[in-house]
Amino acid sequence: NGMLRVADGIESLGAVIANTLLALHAHPEQRRRLDADHGLVAAAVGEALRYDSPGQVIARVARDDLELGGRQIKRDAAVFLALASANRDAAVFENPDRFDLDRDASALLSFGKGRHSCIGAPLVRLQVEGALKALLEAGVRVEADAASLAWKPRLGHRWLTALPVRLAG
């Protein structure tokens with residue numbers, strides 16, 4: 001179980017970085033802002049996690065009988081939470097399909113919430129922020145159009161198989 005968490009954490013890290021670069025590529029005005037102000041790196045990572053989270057779904061078990069959205073859920077039933085959908089909820093995020101570095105990411109659900117949130121979330125954020133800063137300083141640019149991208153066939157995840165990039169120089 002511990003090894004699975006380590007392996008998943010390492011693989012997810014690459015997915016967060018790739019999804020962040022791809023989101024910035026698809027939103028050049030936000031990329032230009034980030035290029036001009038590297039102080040926005042933390043905001044870019046938070047927004048990328050909301051906009052295109054590598055973990056799309058998580059499973060939980062209902063502790064009690066409850067009603068949710070007009071449906072009855074029995075105690076001990078498996079429940080799948082659609083994090084990607086929640087991160088695009090228009091009732092929570094204004095213009096949820098827009099990638100926006102000015103967005104407040106405090107409602108972000110990519111790492112879960114409360115006592116069941118991902119214990120590695122602060123480390124993931126720190127690592128992705130460091131990688132993004134290094135890639136920005138190296139002048140990395142994505143060299144792919146959306147139609148040419150392929151995604152790994154993993155249930156509940158959104159991970160690219162590859163992301164072509166170019167270094168400035």
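The values are calculated or read from the model by the stated rules, or taken from the named source; none is laboratory data. For clarity, every value in this text was computed on a predicted model and none was experimentally measured. Heads up, the Cβs are rebuilt from the backbone with ideal geometry, glycines too, and the neighbour counts pull from every protein chain shown. All accessible areas refer to the heavy atoms of the entire protein, side chains included, with ligands and DNA or RNA removed. Shrake-Rupley method; radii C 1.70, N 1.55, O 1.52, S 1.80 Å.
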- Taking Cα centroids, how far is the range 54-109 from the range 119-169 in Å? 24 Å
- Considering only protein heavy atoms and a 1.4 Å probe, what is the carbon-and-sulfur percentage of the accessible area of the chain? 56 percent
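Which of the peptides 79-85, 39-45 is most tightly packed, and how do the rest follow, judged by the mean count of other Cβ atoms within 10 Å per residue?
Ranking, from highest mean packing down: 39-45, 79-85.
Loop-only check: which trypsin sites (Lys or Arg not before Pro) in the range 107-158 are DSSP coil with at most 14 other Cβ within 10 angstrom?
On the way: sites: Lys113, Arg115, Arg125, Lys133, Arg141, Arg154, Arg158; in loops: Lys113, Arg154, Arg158.
Within the range 107-158, the qualifying trypsin sites (Lys or Arg not before Pro) (loop, at most 14 other Cβ atoms within 10 Å) are Lys113, Arg154.
So what is the accessible area of the chain per residue, in Å², with the probe set to 1.4 Å? Before the final figure, lay out each step's value.
Values: 10090 Å² over 169 residues.
Roughly 60 Å² per residue, with all protein chains present.
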- Query: GluC sites (Glu not before Pro) within the range 112-144: which are DSSP loop residues with at most 15 other Cβ atoms inside 10 Å?
  - Reply: Glu143
- Helix 41-51 versus the longest principal axis of the chain: what angle, 0 to 90°, nearest 10, using Cα atoms? 50 degrees
- Note on the structure: Length-normalised contact order of the chain, Cα under 8 Å, at least 6 apart, in percent, tallies to 27 percent
- Per the Debye formula with a single identical scatterer at each Cα and no solvent contribution, what log10 I(q)/I(0) holds for the range 16-101 at q = 0.13, 0.15, 0.24 Å⁻¹? -0.54, -0.65, -1.13
- His157 long-range amide H proximity, modeled H, under 5 Å: Gln56
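Gain in length, Ala121 to Asp35, computed as 0.36 nm per residue apart minus the alpha-carbon separation, to one decimal in nm? Please list the in-between numbers first.
Numbers: separation 86, 0.36 × 86 = 30.96 nm, distance 2.49 nm.
Gain on stretching Ala121 to Asp35: 28.5 nm.
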- Task: Over the alpha-carbon set of the range 35-76, divide Rg by the Kirkwood Rh and report the Rg/Rh ratio to two decimals.
- Result: 1.32
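Scale the Cα Rg of the range 105-169 by the rule-of-thumb value 2.2 N^0.38 Å and send over the ratio, two decimals. Before the final figure, lay out the partial values.
Numbers: Rg = 15.2 Å, N = 65, 2.2 N^0.38 = 10.7 Å.
Its radius of gyration relative to the 2.2 N^0.38 Å reference: 1.41.
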- Note on the structure: Kirkwood radius from Cα pairs of the chain plugged into Stokes-Einstein at 10 °C, 1.306 mPa s, gives D in µm²/s equal to 93 µm²/s
- In the range 57-122, with Lys and Arg counted as +1 and Asp and Glu as -1 at Cβ, which of these residues, Ala77, Cys118, Val92, has the Cα nearest the positive end of the dipole, that is, farthest along it? Ala77
